[in-house]
Structure formats: structure tokens, C-alpha cells
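J.: So that we are looking at the same thing, I have put the structure below in C-alpha cells.
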Amino acid sequence: MEDLSILKKQERQLRASIKGVANFVRDYKQELHESQIEVRLCLLESTMKKFYLVRQKVEVHLDIADSDGEKEDAKESEAAKKRRLQKQAAEREAKFDEETLEVEEQYCTLKAALLALRPRKVEVLSASGPTERADTISRVKLPDIKLPVFDGKLRDWIPFRDMFDSLIHNNHQLSDIDKFTYLRSAISGEALQEISSIELSADNYQVACDILEKRYENKKLIVKAYLDTLFGIEPLKKESGEALNHLVSYFDRNIQMLGKIGEDTDKWSTLLAYMVCTRLDSVTLRQWESHHNCKDVPTYQKVMDFLRDQALVLQSIVPSRHEDTEIRRQRTTVHTSSRFQNNCVFCGNSFHPASACSKFRAMSVTQRFEVVKMKRLCINCLGSGHYADRCSKGPCRKCKFLDDGPTLQETEFGWVVSGRVPDSSVETVA
């Protein structure tokens, strides 16, 4: 296995190569650099593949280092140790993934820029013959650029506008007719209706841009849309790492957008902290109050930092699929056992009142008494777990007495029950 220090150096070199491509795009001049575009694209692809391989090896090294460097703590229980290790692993993996995503974002941006800089092949068709000068039509294969779709929601206008300006509007390699084509393909719904009547032409591109800007560039309404979104966030119903992450990202995204359009959200700390806390489930809110055990007013940032840590903890202790399957199997077993316990004590068939059992009713009085005594049942109600003197069904409705030991005696007149036994018992057994 390669040494970790060597892998770290390789990773720095790969990052430097990607930075070199970024410098090329930044300083690009068509007359000097056009011939290097394909070479830079190949270099970018090769560098990214190597970067993934090196990152995998580095992650393996870090896993081994964590296990080898673990110090035993005699006072720490196995469960506490497991939770601590899981939290450490989750935090490290989150940081590791964040760094990888940062490089991926840079790669995607650079590749899109290089593809946009590629020289375009133009086929010119003459309207009146190959030797005569005339108006020509450009047949251009537009580069594939992934654009967000704007459907007229005010809270989505600024991200769409900035992305479109960066990839299309400020791209000098595209003609106005191409930009208009991209614009029409990137909007839908109400926004598309605003410019649907405008003819697709180079001269009308700026007209369409001005219409959209006049319609949606409204700071008052945009701020209202973000605030409506914040106040409309539903409270969490139960403790969940996924739900906490969603809550945190939702608040952060809207606050960042408000700050981007000029709102001084740094002064909203107390209000935002209150808004977040009122949307926590009871368990998480109790844990937060226990964590912030002081009389100081908490800041919004402290609340969000706690919730991010809490989400990591919850995600690291989610039960595995095997555990879920085992729990379901145990529940099924208990349910099945309970179902069999409800069968008739006399015939064993599906549950019905013991006194209504056809097999029991077909017995003679002597047989009934013997089987009730053998199964240790109450002769008053035929229930288990008690005898007639403690029967919850109450005393005899006629004599109001219950005896401890009713017995069956043989006389010259046949078998009779001796002792004071309620009529209901005689009827039940007899």
C-alpha cells in the first residue's frame, strides 16, 4: 500500500493541474489558445479520473489510522464507544465528501466552459447559388449546456438569472439568436408566456431579456417570497436526521439568498433562532435546551451548528436493514404466538367462548367437571388463572355465594355438586 504522504502529494499535484485548466479558461484568447482547447479537455478528464483513485486510497489510509490510533478508555462502555466512533466516522466522511464535491463542481464548471469555447462548425447555405452573394443561414450545433428551468416562481429568479448570465448571456462565443434559443428552452409556465409572442430572432433577444427582467426583478416581492417560505416551514413531527438536514438546508438557503439581494440578515439572529426552535420536534428541542444550559440568548449560528451535529449523530445510529428485518420477525412471532393462545381450551380450534364449544357441550356433567378441574379452570366462568371464589364475574345471581371447593359426589340419585355453588356454575359445568 502506498504511503499516505505520497498520496497527499499526488492529490496536491492533481489539484494544481485542475487549477491550471482554470487559469487557461480565465486568460483565454482565441487567437492564441484556440488550438489548445481539445488538449485541455483531455487533461481535465484524465486528471479527474486520477483524482478519484487517489481519494479512494487516502480514505482507506484514514480508516486504518482511525482504528490503529484508537485509545482504550476503561471507563467508557462499549455502547458509548460505538456511538463515539460512529460520530467521528460520520464527521470525517462528511468533510471528505465535501472536499470531493468541491473538486467535482470545479471540474463541471471548467468542462462546460471549455466546451463553450470550442470552435463551432458553420455550414453556410446560399439562397441563390454557390457563386452568388446572398443572405445566409447559420446551421450551428449548439453545445450541450445544462441550465436550470425557471417557471415563474419569484424565489427562483435570482439563481436562474445568475446561472443564465454566467453560462449564456455573457458567453461571447454565442450569437444572440443562439442565446435566445437557450432562453426559450430554459423557461416554462408563466415565464414562458411572458415572451411567447416574441418572434425568435437575434434582434428580439434583448427585448425578451428586458421583459423578463421588468417582470421578475422586483426586490420587494422577492424578499416577501423568501420570507413566506421561511415562515411556511412545517414543524418536525418526530426525531429524524434526514428531517433535521432538510430543515437546516432550507433555512440556510433562504437566508443566504436574502443576504445576496442586500438584506442584513446578520441582525436577525435572535428571531431566526426562535423560528428554528419552534419547528423542532419535542425530543430534539429538549436536547437543545439541555445542550444550551445557560441564560444567554442563543445565536442562530449556535442553534444551526447543534442541529448539524445532531443530524450526524442520528444518521450514524440508524438501524441496519438486518436489524429491521429481525424486529419484524420477532413481532410476527409474538403475534403468531398470541393468536394461537386465543384458541379454545377444549377443542383447540379458532377462538370461541369455552361455554359455546360443541365438544365441551357434548360431554356429560362428570366429564365436564373432570376436564375443567384438570385444566385448572374456574367452574363459574371457565376462565383460567383463578378459581370460583375469586371469579371477577361476581357471585351467584340467585344465592350470592361462592365456595372454595365445590366437588362432585355420587349418590343413589346420580352425580351431584356438593357445597354452595352458584347456579351459573352448575349451568356452566352441567
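J.: From the residues in region 206-241 that are part of a loop (DSSP other than H, G, I, E, B) and farther than 30 Å from residue 285 by Cβ, which one is most open to solvent (accessible area, probe 1.4 Å)?
T.: In the first step, residues of region 206-241 are kept if they are part of a loop (DSSP other than H, G, I, E, B); the result is 217-218, 232-240.
Subset that is farther than 30 Å from residue 285 by Cβ: 217-218.
On the way: 217: 79, 218: 55 Å².
Restricting to residues being part of a loop (DSSP other than H, G, I, E, B) and farther than 30 Å from residue 285 by Cβ, the top hit is 217.
J.: Could you check residue 172 against (1) within 30 Å of residue 31 (Cβ to Cβ); (2) touching a helix residue (DSSP H, G or I) at 6+ places or on another chain (Cβ under 8 Å); (3) surrounded by fewer than 17 Cβ atoms within 10 Å (Cβ to Cβ) and say which number it fails?
T.: Unmet condition: (2).
J.: Taking residue 91 and the conditions (1) under 22 Å from residue 25 (Cα atoms); (2) surrounded by 14 or more Cβ atoms within 10 Å (Cβ to Cβ); (3) at pLDDT below 85, which numbered condition does it fall short on, given that it satisfies the others?
T.: Result: residue 91 fails condition (1) only.
J.: Sticking with this structure for a sec: Which one is farthest from residue 42 (Cα to Cα), of the residues in region 1-19 that are of a type in the set (Gly, Ala, Ser) and free of Cβ contacts under 8 Å to residues at least 12 places away in the same chain? If you could, list the steps in order and put the result at the bottom.
T.: Applying the first criterion (of a type in the set (Gly, Ala, Ser)) to region 1-19 yields 5, 16-17.
Of the ones still in play, those that are also free of Cβ contacts under 8 Å to residues at least 12 places away in the same chain are 5, 16.
Working: 5: 27, 16: 16 Å.
The selected residue is 5.
J.: Answer yes or no: is there a residue in region 361-374 that is assigned to a helix (DSSP H, G or I), at pLDDT 80 or above, open to solvent by 90 Å² or more (accessible area, probe 1.4 Å) and among the hydrophobic types (A, V, I, L, M, F, W, C).
T.: yes
J.: Also: Which residues, taken from region 145-164, are free of Cβ contacts under 8 Å to residues at least 24 places away in the same chain and of a type in the set (Phe, Trp, Tyr)?
T.: 164
J.: Kindly indicate which of 175, 196, 201, 188 is among the polar types (S, T, N, Q), farther than 26 Å from residue 262 by Cα and in contact with a Ser or Thr (Cβ under 9 Å, 6 or more places away or on another chain).
T.: Values: 196 fails: in contact with a Ser or Thr (Cβ under 9 Å, 6 or more places away or on another chain); 201 fails: in contact with a Ser or Thr (Cβ under 9 Å, 6 or more places away or on another chain); 188 fails: in contact with a Ser or Thr (Cβ under 9 Å, 6 or more places away or on another chain).
Among 175, 196, 201, 188, only 175 is among the polar types (S, T, N, Q), farther than 26 Å from residue 262 by Cα and in contact with a Ser or Thr (Cβ under 9 Å, 6 or more places away or on another chain).
J.: Same structure again: Please work out which residue is farthest from the chain's Cα centre (by Cα), limiting yourself to region 242-252 and to residues that are surrounded by 14 or more Cβ atoms within 10 Å (Cβ to Cβ) and either at pLDDT below 85 or closer than 20 Å to residue 268 by Cβ (or both). Explain how you work it out, then say what you get.
T.: Keep residues of region 242-252 that are surrounded by 14 or more Cβ atoms within 10 Å (Cβ to Cβ), which gives 243-248, 250-251.
If we keep only those that are either at pLDDT below 85 or closer than 20 Å to residue 268 by Cβ (or both) too, we end up with 247-248, 250-251.
Values: 247: 11, 248: 12, 250: 13, 251: 16 Å.
Taking the candidates together, the pick is 251.
J.: Give 57, 71, 121 a once-over and let me know the one that is modelled with pLDDT of 70 or more and out of contact with any Gly (no Cβ under 7 Å at 6 or more places or on another chain). Show your work before the answer.
T.: Working: 71 fails: modelled with pLDDT of 70 or more; 121 fails: modelled with pLDDT of 70 or more.
From the options 57, 71, 121, the qualifying one is 57.
J.: Check residue 199 against each of (1) outside any helix (DSSP H, G or I); (2) surrounded by 12 or more Cβ atoms within 10 Å (Cβ to Cβ) and name the one condition it does not meet.
T.: Condition (2) is where residue 199 drops out.
J.: Can you name every residue in region 39-58 that is without any contact (Cβ under 8 Å) to a residue 24 or more places away in the chain and among the polar types (S, T, N, Q)?
T.: Answer for region 39-58, where residues must be without any contact (Cβ under 8 Å) to a residue 24 or more places away in the chain and among the polar types (S, T, N, Q): 46, 56.
J.: Check whether at least one residue in region 313-332 is assigned to a loop (DSSP other than H, G, I, E, B), at pLDDT below 80, over 30 Å from residue 79 (Cβ atoms) and open to solvent by less than 80 Å² (accessible area, probe 1.4 Å), and report yes or no.
T.: As a first pass, look at region 313-332 and keep what is assigned to a loop (DSSP other than H, G, I, E, B): 317-320.
Filter again for at pLDDT below 80, leaving 317-320.
When the remaining residues are screened for being over 30 Å from residue 79 (Cβ atoms), the result is none.
No, there is no match, as no residue in region 313-332 is assigned to a loop (DSSP other than H, G, I, E, B), at pLDDT below 80, over 30 Å from residue 79 (Cβ atoms) and open to solvent by less than 80 Å² (accessible area, probe 1.4 Å).
J.: While we're looking at this one, here's another question. Can you say whether residue 247 is touching a Ser or Thr at 6+ places or on another chain (Cβ under 6 Å), within 19 Å of residue 301 (Cα to Cα) and among the aliphatic types (A, V, I, L, M), as far as the supplied structure shows? Don't jump to the end; show me each part of the working.
T.: Values: touching a Ser or Thr at 6+ places or on another chain (Cβ under 6 Å): no; within 19 Å of residue 301 (Cα to Cα): yes; among the aliphatic types (A, V, I, L, M): yes.
Considered against the rule, which asks whether it is touching a Ser or Thr at 6+ places or on another chain (Cβ under 6 Å), within 19 Å of residue 301 (Cα to Cα) and among the aliphatic types (A, V, I, L, M), residue 247 comes out as no.
J.: Let me ask you something else. Restricting attention to region 278-286, does a residue exist that is among the aliphatic types (A, V, I, L, M), part of a helix (DSSP H, G or I) and within 23 Å of residue 222 (Cβ to Cβ)? I'd like the intermediate steps shown before the answer.
T.: As a first pass, look at region 278-286 and keep what is among the aliphatic types (A, V, I, L, M): 280, 283, 285.
Okay, now just the ones that are also part of a helix (DSSP H, G or I), so 283, 285.
From what is left, the residues that are within 23 Å of residue 222 (Cβ to Cβ) are none.
No: zero hits.
J.: Hey, another quick one. Go through 256, 287 for me and flag whichever is open to solvent by 60 Å² or more (accessible area, probe 1.4 Å) and in contact (Cβ under 8 Å) with a residue 12 or more places away in the chain. Even if it seems obvious, please write down each step before you answer.
T.: Working: 256 fails: in contact (Cβ under 8 Å) with a residue 12 or more places away in the chain.
One residue alone meets the criteria, 287.
The values are calculated or read from the model by the stated rules, or taken from the named source; none is laboratory data. Not measured: the values here are computed from a predicted model. Cβ coordinates were reconstructed from backbone atoms using ideal geometry, including for glycine residues, and neighbour counts include every protein chain displayed. SASA here: full protein model, heavy atoms, side chains in, ligands and nucleic acids out. Shrake-Rupley method; radii C 1.70, N 1.55, O 1.52, S 1.80 Å.
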